[in-house]
Amino acid sequence: MISNKYDSNQLTSIIEELFDSNNTGIINLKANLPSSSQQRSGILILHQGALVYGDYQVPEIQELCKNLGRELEAKLVNTALPVAIQKAKNPDSIREILENLIKLKVFNWENLESLIEVKVLRVLDKFMAYPGELTWEPQGDFDLCYGADRHGLDWQKIKQKLKQRQQQWQKYAPQIPSMDAIPLVSPKQLGMIDSPRVKEHLIKSINGTSSLVEIAEKMGRDPLSVAKSYYEWSNQGWVSFSNVETFASGIRDIKEKISSNLANIQSQGTSGVSGAAAQTKTVPNNLPTVLSVDDSPIIQVSIKRALQDHYQVLLANKAAQALEILQEATVELMLLDLTMPDIDGLEFCRHVRTMAQFQDLPIIMVTARDGLVNKMKGRIAGSSRYLTKPFEAEELRKLVAQCINQ
């Protein structure tokens, strides 16, 4: 197994070196995105020195045939596949099975080659702009090739189309910085949209953390074609894109904070000192504890006044402080502002929910933002209920009681 690290825009030249040796095997690709803590991975497959396939993982033969049939809208593929496998002299040969499916007129080599070329382009497109690591794994099992002459994909044609794709991304760049940019939509923007179909899509797809490429993959679409629609919507003022680096930096910081505190939360349970203890010294211990997370002193004062006769009220003005209190005290309910200085409230809610001990903690999102889209986002992130500012003290007390006693 051979590994090579490469810088951005160097990937194609490294791949070309493998063509020269008539190699057969798998190219494993990995790249760390600067805007994410996650690692991106994908594969390309060479057969006798020619590129023949690309995707996110090496496919199992039957599943590959079914997927190709679905994408090509070949309705007979599920019926014909057992016959094609039975007729193959080698049931592990993807070439033989596809050849049999073509003889059964399920699809043809031209359509197959065009479809897989698009898959390869998407893989390369996702890796070209970032530094990463290429690992070469010699392997002879995947014998895919095309046509009667058993050729591979046309590499020069792929490079030309890849260049065209990069030029198209550059055209979108004023509005869409990259395929990894995060689209955002506000209630005001939703109100401007005159297409019910577009509005429904944006409410369903945009959650403030999914990138354009992630949205496209969930739809089973080419990110570039999805970007075309988002570019048009952005020009109409319906969609905007976040500063990906700033947003991701905030997420990374809070993830690191959550990760470092998780072990302490699990090991220490309710034992703790400092922040939470200091706030609860003079409060009776038999009252349920409510944690309010909000950077507005005025809101915090109003919440404490409304609840202090019936609850212990602990206050945090940012997510990092809230984590410390969750570590130190037994909290029965959290009131969480949607907009905080160190991280978006929805993202904080989502990460709190990843911790087993807080999966059932009632969380009420408290925010000045109103509208269906934010309520939906709050529920998706894991909030129990939603409270819009300004609110009456009695309204708050009633909602808190309902959540704690349910």
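The values are calculated or read from the model by the stated rules, or taken from the named source; none is laboratory data. None of these values were measured; they are calculated from a predicted model. Heads up, the Cβs are rebuilt from the backbone with ideal geometry, glycines too, and the neighbour counts pull from every protein chain shown. We work out accessible area using only protein heavy atoms, side chains counted, and drop any ligands, DNA or RNA first. Shrake-Rupley method; radii C 1.70, N 1.55, O 1.52, S 1.80 Å.
See the values below:
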| read-out | value |
| --- | --- |
| Test: residue in the stretch 97-120 that is in contact with a strand residue (DSSP E or B) (Cβ under 8 Å, 6 or more places away or on another chain), crowded, with 16+ Cβ neighbours inside 10 Å, of a type in the set (A, V, I, L, M, F, W, C) and within 30 Å of S3 (Cα to Cα) | yes |
| Unique residue being in contact (Cβ under 8 Å) with a residue 12 or more places away in the chain, of a type outside the set (S, T, Y) and more than 19 Å from Q156 (Cα to Cα) when the list is N100, N108 | N100 |
| Selection status of K89, of a type in the set (K, R) and free of Cβ contacts under 8 Å to residues at least 60 places away in the same chain | yes |
| Residue within the stretch 144-157 that is at pLDDT below 90, exposed (fewer than 13 other Cβ atoms within 10 Å of the Cβ) and under 24 Å from L224 (Cα atoms) present | no |
| Residue within the stretch 39-46 that is farther than 20 Å from D149 by Cα, among the small types (G, A, S), assigned to a helix (DSSP H, G or I) and open to solvent by 30 Å² or more (accessible area, probe 1.4 Å) present | no |
| Selected residue (criterion: nearest to I364 (Cα to Cα)) from residues of the stretch 310-338 that are part of a loop (DSSP other than H, G, I, E, B) and not hydrophobic (A, V, I, L, M, F, W, C) | E332 |
| Count - residues of the stretch 232-263 that are in a helix (DSSP H, G or I), modelled with pLDDT of 90 or more and open to solvent by less than 50 Å² (accessible area, probe 1.4 Å) | 2 |
| Failed item in (1) within 24 Å of R165 (Cβ to Cβ); (2) part of a loop (DSSP other than H, G, I, E, B); (3) open to solvent by less than 30 Å² (accessible area, probe 1.4 Å); (4) not acidic (D, E), with I26 passing the rest | (2) |
| Yes/no for P131 being open to solvent by 70 Å² or more (accessible area, probe 1.4 Å) and either in contact (Cβ under 8 Å) with a residue 60 or more places away in the chain or under 17 Å from I43 (Cα atoms) (or both) | no |
| Enumeration of residues in the stretch 1-23 that are within 29 Å of the chain's Cα centre (by Cα) and either assigned to a strand (DSSP E or B) or under 11 Å from P131 (Cβ atoms) (or both) | S3, N4, K5, Y6, D7, S8, N9, Q10, L11 |
| Those residues of the stretch 299-309 which are open to solvent by 20 Å² or more (accessible area, probe 1.4 Å) and either touching a residue at least 60 places away in the same chain (Cβ under 8 Å) or outside any helix (DSSP H, G or I) (or both), in sequence order | I299, S302, R305, Q308, D309 |
| Count of the stretch 355-376 residues which are modelled with pLDDT under 65 and open to solvent by 20 Å² or more (accessible area, probe 1.4 Å) | 6 |
| Which numbered condition N207 misses (of (1) open to solvent by 60 Å² or more (accessible area, probe 1.4 Å); (2) closer than 25 Å to G42 by Cβ; (3) within 22 Å of the chain's Cα centre (by Cα)) | (1) |
| Residues of the stretch 84-97 satisfying the condition of being touching a Lys or Arg at 6+ places or on another chain (Cβ under 9 Å) and either among the β-branched types (V, I, T) or within 14 Å of L153 (Cβ to Cβ) (or both) | I97 |
| Count of residues meeting criterion [under 30 Å from K161 (Cα atoms) and either open to solvent by 40 Å² or more (accessible area, probe 1.4 Å) or part of a helix (DSSP H, G or I) (or both)] in the stretch 182-196 | 1 |
| Residues that are part of a helix (DSSP H, G or I) and among the polar types (S, T, N, Q), drawn from the stretch 101-118 | N111, S114 |
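Residue-wise test of (1) among the aromatic types (F, W, Y); (2) open to solvent by 50 Å² or more (accessible area, probe 1.4 Å).
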site: Q166; (1), (2): no, yes
site: Q175; (1), (2): no, yes
site: D180; (1), (2): no, no
site: V198; (1), (2): no, no
site: I215; (1), (2): no, no
site: Y230; (1), (2): yes, no
